[in-house]
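S.K.: Pasting a structure here, questions to come.
The values are calculated or read from the model by the stated rules, or taken from the named source; none is laboratory data. Bear in mind the structure is a predicted one, so any value in this text is a computation, not a measurement. When we count neighbours, we look across all protein chains shown, and the Cβ atoms used for this are built from the backbone with ideal geometry, even at glycine. In case anyone asks, the SASA skips ligands and DNA or RNA and just uses the protein heavy atoms, side chains included. Shrake-Rupley method; radii C 1.70, N 1.55, O 1.52, S 1.80 Å.
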Amino acid sequence: MPEFPDRHQQIRLVHAEFIRQVVETCTRPEQRPDLDALLEQARQQGWDALVSALRRIAAGERERGVFAGLDEEDQIIAEAVMRGLQDPSTLPD
């Protein structure tokens, strides 16, 4: 029987493209308009709390308090972005 990834890994895989795009645009100041557009699209899809946390992360905040008020899925995505900024090898494929 195939082994399935755990719930956290599944969430990271489902949102892998978004996570990678956020990290890539955060690391290049010239791509700030792309980051703003990406986050605005996410906000329009109802991810207000996640977008707020990602803006704080993009501004350099790395404290655990950035995750306050996030549901489990949003927290996993925000943690993946934060880890990806610190170590790009941790980004999901």
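S.K.: Give the residues of segment 62-93 that are charged (D, E, K, R) and either touching a Pro at 6+ places or on another chain (Cβ under 6 Å) or under 19 Å from Glu24 (Cβ atoms) (or both), sorted by residue number.
M.R.: Let us first name the residues in segment 62-93 that are charged (D, E, K, R), namely 62-64, 71-74, 79, 83, 87, 93.
Listed by number, the residues that qualify are Arg62, Glu79, Arg83, Asp87, Asp93.
S.K.: Output the residue which, of all residues in segment 49-91 that are of a type in the set (Gly, Ala, Ser), assigned to a helix (DSSP H, G or I) and touching a helix residue (DSSP H, G or I) at 6+ places or on another chain (Cβ under 7 Å), is most open to solvent (accessible area, probe 1.4 Å).
M.R.: Filtering first and then ranking leaves Ala49.
S.K.: With (1) out of contact with any helix residue (DSSP H, G or I) (no Cβ under 7 Å at 6 or more places or on another chain); (2) over 19 Å from Leu85 (Cα atoms); (3) open to solvent by less than 90 Å² (accessible area, probe 1.4 Å) as the list, and Gln45 as the residue in question, which single condition is left unmet?
M.R.: The single condition Gln45 does not satisfy is (3).
S.K.: Let me ask another. Suppose the filter is in a loop (DSSP other than H, G, I, E, B), more than 15 Å from Leu35 (Cα to Cα) and not basic (Lys, Arg); does Gly46 pass it?
M.R.: Numbers: in a loop (DSSP other than H, G, I, E, B): yes; more than 15 Å from Leu35 (Cα to Cα): yes; not basic (Lys, Arg): yes.
Considered against the rule, which asks whether it is in a loop (DSSP other than H, G, I, E, B), more than 15 Å from Leu35 (Cα to Cα) and not basic (Lys, Arg), Gly46 comes out as yes.
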